[in-house]
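Participant: Let me begin by handing over the structure; questions about it come next.
Any read-out appearing in this document is the output of simple, stated calculations on the displayed coordinates, not a laboratory observation. The model shown is predicted, which means the values in this text are computed figures rather than measured ones. Every residue, glycine as well, gets a Cβ built from its backbone with ideal geometry; the counts of neighbours run over all protein chains shown.
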Amino acid sequence: MIKYKEITCNDYKEIALSFVVASYLFFTITWLCPDAPLKTRILEPVKQFWLFWGLEQNWKLFSPEIREINFHPEAILTFANGDRMIVEMPRMNRLSYGERFRLEKFRKWSIDSLPWPDYKEFWPDFARYIGRKHYNQNKPSTLSLNLYWIEIPKPSASSNVAALPEHTKMSTVFFYKYKAEDLP
């Protein structure tokens, strides 16, 4: 004859905790999978909750993608009278030690976030910021965010950072035409 164990409150707690842990692992693994329609359908019901509590994972911290290009972003600000101005983001090799310390956060943001499509919602704000920063009697009319780049050459025994090629290829990432309400 089989004896059945009576289910206690602690058993229910263990079952509930196991369900929570299994759900967390399932959603985390799903979150890390490549984008697909099924992934979107699975995550859509829990996405707001997941983001609110900071449960999304960014594993690039532990294993970043190795870049295949050397690059730097620049903005070209065109004024109403036709003058142009290059707004260069901080580049460590062109700064003093004091400037490197002061501008490191801006440099990191401009390299890791600014030129990439994942952060395109910030481009109009960046354009308005640059326009307001450089507004004087000459009103800005357009801003072009450009990415200058070159492929990283294969490593050699005598690689020297100073001998790397200049960033000669260019692509326009974003173009913004200022409206009256954008500037003071």
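Participant: Where does helix 9-32 land angle-wise versus the long Cα axis of the chain, in degrees 0 to 90, nearest 10?
Facilitator: Long axis of 9-32 versus the principal axis of the chain: about 30 degrees.
Participant: Sticking with this one: Provide the net charge surrounding TYR176, with neighbours chosen by a C-beta distance below 9 Å and charges set as Lys +1, Arg +1, Asp -1, Glu -1.
Facilitator: +1
Participant: If one computes the Cα centroid of region 37-53 and of region 76-120, what distance in Å separates the two points?
Facilitator: Using only Cα atoms to place each centre, the spacing works out to 34 Å.
Participant: May I ask you to order 2-10, 47-55, 172-180 by the average number of other C-beta atoms within 10 Å around their residues, highest value first?
Facilitator: 172-180, 47-55, 2-10
Participant: Under the 0.36 nm per residue contour assumption, what length would be gained going from the current alpha-carbon distance of TRP50 and LEU103 to full extension?
Facilitator: Extra length available between TRP50 and LEU103 comes to 15.8 nm.
Participant: Too long at a 21 Å Cα-Cα cut-off: which of LYS47/LYS108; LYS120/LYS154; LYS139/LYS179; LYS133/LYS177?
Facilitator: The pairs that break the limit, which is 21 Å between Cα atoms, are LYS47/LYS108; LYS120/LYS154.
Participant: Choose one of THR78, TYR97, PHE122: the residue whose Cα lies farthest towards the positive end of the charge dipole of region 69-182 (beta-carbon charges +1 Lys, Arg; -1 Asp, Glu; about the Cα centre).
Facilitator: Value computed over the given set: TYR97.
Participant: Can you bin region 89-137 into rounded, prolate or oblate? Criterion: square roots of the alpha carbon gyration tensor eigenvalues sorted a ≥ b ≥ c, rounded for a/c under 1.5, prolate for a/b above b/c, oblate for the rest.
Facilitator: Because a/c hits 1.5 or more and a/b fails to exceed b/c, region 89-137 counts as oblate.
Participant: Can I ask one more? Tell me what the chain gives for mean residue ellipticity at 222 nm when only DSSP H runs of n ≥ 4 count, each as -39,500 (n - 2.57), the sum divided by the residue total, rounded to 500 deg cm²/dmol.
Facilitator: -11000 deg cm²/dmol
Participant: How far is helix 97-112 tilted, in degrees, relative to the longest principal axis of the Cα atoms in the chain, given as a value from 0 to 90 rounded to the nearest 10?
Facilitator: On a 0 to 90 degree scale, this one is about 60.
Participant: Only one of the listed values, (i) 45; (ii) 27; (iii) 54, was derived from the coordinates as percent of Cα pairs over 31 Å apart; which label is it?
Facilitator: Here the calculated entry is (i).
Participant: Sticking with this structure for a sec: Once phi is turned into θ = phi - 60°, what whole-Hz ³J(HN,Hα) does the Karplus curve with 6.51, -1.76 and 1.60 give for every residue of region 73-83, x standing for Gly and Pro?
Facilitator: Those phi angles translate into x, 9, 10, 10, 9, 9, 9, 4, 8, x, 5 Hz.
Participant: Give me the one-decimal Kirkwood hydrodynamic radius in Å for region 87-184, with the sum taken over alpha-carbon pairs.
Facilitator: The Cα-based Kirkwood calculation yields 15.8 Å.
Participant: Along its principal axes, what span do the Cα atoms of region 9-61 show, with the longest given first and each in whole Å?
Facilitator: Extents along the principal axes, in whole Å: 40, 26, 18.
Participant: Right, here's the next one. Taking the chain as the reference, fit the longest principal axis to its C-alpha atoms, fit the long axis of helix 123-133 to the helix C-alpha atoms, and give the angle between the two in degrees, 0 to 90, nearest 10.
Facilitator: Result, in degrees: 40.
Participant: Among 67-77, 161-171, how do they line up from the highest to the lowest mean number of other beta-carbon atoms within 10 Å?
Facilitator: Listed from highest to lowest mean packing, they are 67-77, 161-171.
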